Amino acid sequence: MPSDHTRRRFLQAAGSATVLALAGCAGGDNGDTETDSPTPTETPMETTAQSPTDTGMGGTTAGSDMGGMEPVDPGSAPRVTVDRFSEDAGTLMVRSDGNGLPGPGEPVDFDSGAPFLTDGLGPEGGTVTYYNFDVQPTAPAPIYVLFREGEDAPVEKQLNVVDAVPGDDGYNDFWQVHKVTVPGDYTANTVTSLADVTDRGYSITPMPKLVNCPVVPEGSTASMRLGDGTAGLVEGWYRGQVVSYFEFTEAPLSATDSDQVPLSPIWVAFNTNPGNEGGGPASGFMTESGTSQTHNVVATVPGDEGYSPLWFVNVYDNADFGSVSDLDSAKSANQLAAGAAMVNCPIVGMEGA
């Protein structure tokens, strides 16, 4: 769904024109960044991916001739200037003169609290903490992982390749892994763009696996993870430049039968109800007095069947805030809007949930 259409749809449902609060893979060895590439182990689909400019389904494994291509050192390569809060990239978090959202290329501290970090409730009433990465479409973007012919592990030290960053058409925090088969004598980081892959005619095979990897400015932080997930930034290639992203692995994620990112519901309440002046997300989430604890209730948590960090947002009447303590009570509250937005909100903390 295009960003502008999504923004209009949400604001119509939630009654707000200024939104700050709504909730809401891996690369080369470079300092503190992670170096392990995601390894798709699922059975490949019987299709091949398309190039950026060619909608055909062709693709053959190239020979060993690298055609004069030379490996590139990620440490000395140019870096992408990422802006998640521009009009083109943001939907609920769009920079204005007064809201203090970071500028293009400025590191983002996602641990700093609202609007990036929210305390909510799990389906049984336990507390959950989640990051807010704004509205995302259900159609995943491709991420390209390189494998040498006959090998089961990705090429060591090769950065994965993407062809969209926030603000580009087709960008999504959610990526579908595409396996790229390269010759046996391939040297890591000779490929630094999708154009390199398609120009060489390398075979591209989509996999069922999805990864949640929000692209962020270099130096950004989001330190919380569930389980043994790593919190450091990961590096990848984007059109010959190095890009940074987080990886969230709190639960396995696979594309639906229609190749979409699965959805899971959340119920939220705002300080001022949608439809009233200044209401909806502009007023902020309603919280327990003197705390950051909302009564936003998620339908699933990591470990539950059907869990997904892409949430289908429903809004309930804040008059029912005090009576909402779990999923059943959230569903019983007076509903003001259903499906107001789809937001990327990986759960990174749980207690009694």
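Values in this text are rule-based calculations from the coordinates and carry no lab data. Because the structure is a prediction, the values reported are computed rather than measured. Ideal geometry is used to build each Cβ from the backbone, glycine not excepted, and the neighbour counts take in all protein chains shown.
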| Which value, in Å³ per residue, describes the convex hull spanned by the Cα atoms of the range 199-353? | 178
| field | Under 14 Å, Cβ to Cβ, from Asp328 - net charge with Lys/Arg +1 and Asp/Glu -1 | value | -2
| What nm distance separates the two modelled labels at Thr187 and Ala153, each placed 7 Å from Cα along Cα→Cβ? | 2.2
| query | Distance from the Cα centre of the range 117-133 to that of the range 224-280, in angstrom? | reply | 13
| Length released on extending from Ser325 to Thr230, taking residue separation times 0.36 nm less the Cα-Cα span | 31.1 nm
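Mind checking Rg over Rh on the range 157-269, alpha carbons, Kirkwood formula for Rh?
On the way: Rg = 15.5 Å, Rh = 15.8 Å.
We get a ratio of 0.99 for the range 157-269.
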| said: Let me check I've understood the local charge: for Asn344, count other residues with C-beta under 14 angstrom from its C-beta, Lys and Arg +1, Asp and Glu -1. What total comes out? | reply: -3
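Using a Förster distance of 41 angstrom, determine the FRET efficiency expected from the C-beta separation of Ser292 and Ala195, and round it to 0.05.
For Ser292 and Ala195, the calculated efficiency is 0.35.
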| field | Cross-link reach list, lysines versus Lys179, counting only Cα pairs under 24 Å and skipping chain neighbours closer than eight places | value | Lys157, Lys209
| Per principal axis, descending, Cα span of the range 183-247 in whole Å | 40, 27, 19
| task | Pop out the ³J(HN,Hα) list for the range 145-159 in order, Karplus 6.51 cos²θ - 1.76 cosθ + 1.60 with θ = phi - 60°, rounded to Hz; leave Gly and Pro as x. | result | 10, 8, 10, 6, 3, x, 10, 9, 10, x, 4, 4, 6, 6, 6
| Karplus couplings for the range 321-335 from phi (6.51 cos²θ - 1.76 cosθ + 1.60, θ = phi - 60°), rounded to Hz, Gly and Pro as x? | 3, x, 8, 8, 9, 7, 5, 4, 6, 5, 5, 7, 5, 5, 8
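Can you check what the Kirkwood hydrodynamic radius comes to for the range 95-196, Cα pairs only, in Å to one decimal?
On the way: mean 1/r = 0.0586 Å⁻¹.
Computed over the range 95-196, the radius equals 17.1 Å.
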| For the pair Ser76 and Asp257, how long in nm is the line joining their label points, each one 7 Å along Cα→Cβ? | 5.3
